[in-house]
């Protein structure tokens, strides 16, 4: 527990700081309908840093940051100027053009580089898990400065004039350049759009939208970090998926809150009919092609392995179980063999080439045997499904019929009750 | 048939040097140590670029088309070469042709995992770990494979190729003793990516763990925590990363385990000091050797 906290404290703080500034800009981005502007500006910043690298500056030095910033500000000026065309060409299309041209130009620059430059963008892309205290402190100071200065400047400027547009893109570009280096492109996009979207779903006033976005964004980030730790999953990707789930929950919550009960009942009915349709389609599919992938049956079996007992006889079940056990044993043996070889690289007598070759050939044959056992498991199951396909299809159809038909009867109970 | 054969051999028998194209810079360097001035060697992947995700350019097609020999790493490391060979339509260097050289022939591979076994194997490469050139003893095998091919393509110069290779092996042997002594008391290590099993085996180095278990998938928090714990227990001396791998992740583990970060190159030209094969290994050994 203490170890987990010591590893997650800084990432959690970083998430909170990133949500604080990105939810604010995210609301503006949603309002302006320039959803992918952060990707375009991040790409332009990467182009600037690549140019700096080619001119002989170290990839994370001051000069690289200055070049990245300069390129971003230039792109901000460009986007502010071309907003006037947005009647003819949507702003989102212009942003797309900036993105692809910046990405392609970086590629061409890299092709001219002496060495190692193609990875520069990777180096410039951060990982929230390994964020350092000093860079986080810098980022928080920057976010605080932009977060306090930008609203004040925006209020002083004429809305929708060139200067106010430029101020928006430049302020946002500065933030995104720093945050992509901290957390990576995917995560920054999630921080930007999803909390803001949740805020817009549940409130109409800017201040309440922002408050909801901050609370929901920070809470989802903490949940995502905890899941990443507990389930041993890549942190950035887990956070993005948690944010997706948070938005889905927020959407359902809105439905529950806003819609009348009658509409909720209608939604429930629709859900049951969809489930019935899915079951009927699966029934037809298994009747036509029992050996093909059966998504519904496969996922049911994955969740409840006991279902297999319903259509496989004891003998096939035993064959399948035995094959699975052998597969596990071979996998275990291969792992042990590999571990022994790896240990002998540094401990005890070194293995000679002949022994290494022998181990490799054992590993290969174990791998083949594992595949053989997997084939047996699949084959036994396919045969059982083929033999019992009408039974399985019938069971699916029965459940589908119950779902579809029982609905009116179920609904008639409250209707007949006295009001 | 005889005429075609004669015409085909003409370019080789004449005074013109034999044109060899290798996929990587380190194989190019090994080919030059065998071919010397009798061959003109070029490589396709620019130094320091990611070999597995390389995208050939139009001129690469011309290079392969004009080549008399093509030298590849194999072990699914440079799979993009196969469509290029198909497209170039140069029968000499196609799979099975006289000029097709797979340097992994006769190498004893480590960490063999068949493709399609499932998602739970650590490295995405189908058949064994492909970084076998990082064991200098394997350089003897690779140059033997190259020598065999060059002697087949250019029989009159076979003796000179053999002499070149022997001279190279002598230099390598002299260095090998020096390298082994330098790394005798090297501390335990953690690597960013599973690039070093062959190097580790030759120099008896202990790699406690790998940061990025699956290429392209950043580590989880619990995996990093486990690595940090095991690193402290094993008293890890250095976190090994290559120039193109994220500096921050290595620095993070270094600060947690009290180790330093050592930047190693797996490829000739990835850093300026690695000019050829021997200086590549030389650089890596010096970067790891405990300071006296």
Worksheet item: For the range B:91-107, how many residues meet the condition of being touching a residue at least 12 places away in the same chain (Cβ under 8 Å) and surrounded by fewer than 21 Cβ atoms within 10 Å (Cβ to Cβ)?
Response: 7
Discussion item. Looking at A:246, A:292, A:237, can you tell me which residue is modelled with pLDDT of 95 or more and either in the same structural domain as residue A:394 (by TED's automatic domain parsing) or surrounded by 15 or more Cβ atoms within 10 Å (Cβ to Cβ) (or both)?
Written reply: A:246
Worksheet item: Of the residues A:219, A:181, which is surrounded by fewer than 17 Cβ atoms within 10 Å (Cβ to Cβ) and assigned by TED's automatic domain parsing to the domain that holds residue A:82?
Response: A:219
Worksheet item: With respect to the numbered conditions (1) outside any strand (DSSP E or B); (2) over 21 Å from residue A:234 (Cβ atoms); (3) within 14 Å of chain A (Cβ to nearest Cβ), which one is the sole condition not fulfilled by residue B:261?
Response: (1)
Worksheet item: What number of residues in the range B:194-230 are assigned to a helix (DSSP H, G or I), more than 23 Å from residue A:238 (Cα to Cα) and more than 10 Å from chain A (Cβ to nearest Cβ)?
Response: 1
Worksheet item: Which residues, counting only those in the range A:125-160, are in a helix (DSSP H, G or I), within 12 Å of another protein chain (Cβ to nearest Cβ) and in contact (Cβ under 8 Å) with a residue 60 or more places away in the chain?
Response: A:128, A:129, A:133, A:136
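Taking the range A:207-239 on its own, how many of its residues are assigned to a helix (DSSP H, G or I) and under 17 Å from residue A:8 (Cβ atoms)?
Qualifying residue count, the range A:207-239: 19.
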Fill in: Matching entry among B:188, B:234, B:225 (being surrounded by fewer than 21 Cβ atoms within 10 Å (Cβ to Cβ) and in contact with a helix residue (DSSP H, G or I) (Cβ under 7 Å, 6 or more places away or on another chain))
B:225
Item to complete: Answer yes if at least one residue in the range B:167-184 is touching a helix residue (DSSP H, G or I) at 6+ places or on another chain (Cβ under 7 Å), farther than 22 Å from residue B:259 by Cα and within 11 Å of chain A (Cβ to nearest Cβ), and no otherwise.
Response: no
Response to the item:
Expected single match for in the same structural domain as residue B:147 (by TED's automatic domain parsing) and assigned to a helix (DSSP H, G or I) among B:82, B:76, B:111 is B:82
Fill in: Test for residue A:252: is it surrounded by fewer than 15 Cβ atoms within 10 Å (Cβ to Cβ), assigned by TED's automatic domain parsing to the domain that holds residue A:197 and at pLDDT below 90
yes
Worksheet entry | Given (1) free of Cβ contacts under 8 Å to residues at least 24 places away in the same chain; (2) within 11 Å of chain A (Cβ to nearest Cβ); (3) closer than 25 Å to residue B:53 by Cβ, number of the condition residue B:241 does not satisfy | (1)
Practice prompt. Counting only residues that are more than 25 Å from residue A:140 (Cα to Cα), under 28 Å from the mean Cα position of the chain (by Cα) and at pLDDT 90 or above, give me the helices (runs of 4 or more DSSP H) lying completely in the range A:1-116 with at least 2 of them.
Written response: A:91-111
Worksheet item: Can you pull out the residues in the range A:319-346 that are more than 14 Å from residue B:201 (Cβ to Cβ), over 37 Å from the mean Cα position of the chain (by Cα) and free of Cβ contacts under 8 Å to residues at least 40 places away in the same chain?
Response: A:322
Discussion item. Taking the conditions exactly as written (out of contact with any strand residue (DSSP E or B) (no Cβ under 7 Å at 6 or more places or on another chain) and within 13 Å of chain B (Cβ to nearest Cβ)), does residue A:368 satisfy them or not?
Written reply: yes
Discussion item. Could you tell me how many of the residues in the range B:125-176 are touching a residue at least 60 places away in the same chain (Cβ under 8 Å), in a loop (DSSP other than H, G, I, E, B) and under 17 Å from the mean Cα position of the chain (by Cα)?
Written reply: 3
Worksheet, complete the sentence: Taking the range B:57-77 and keeping only residues that are at pLDDT 85 or above and within 14 Å of another protein chain (Cβ to nearest Cβ), one is left with B:59, B:60, B:75
Worksheet item: So residue B:95 clears everything in (1) within 14 Å of chain A (Cβ to nearest Cβ); (2) outside any helix (DSSP H, G or I); (3) farther than 24 Å from residue B:265 by Cβ except one condition, right? Which one?
Response: (1)
Discussion item. Every residue in the range A:196-206 that is more than 20 Å from residue A:150 (Cα to Cα) and in contact with a helix residue (DSSP H, G or I) (Cβ under 7 Å, 6 or more places away or on another chain), please.
Written reply: A:197, A:198, A:199, A:200, A:201, A:202, A:203
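The values are calculated or read from the model by the stated rules, or taken from the named source; none is laboratory data. This one's a predicted model, so the numbers in the text were calculated from it and none came from an experiment. Positions of Cβ are generated from backbone atoms using ideal geometry, with glycine treated the same way; all protein chains shown enter the neighbour counts.
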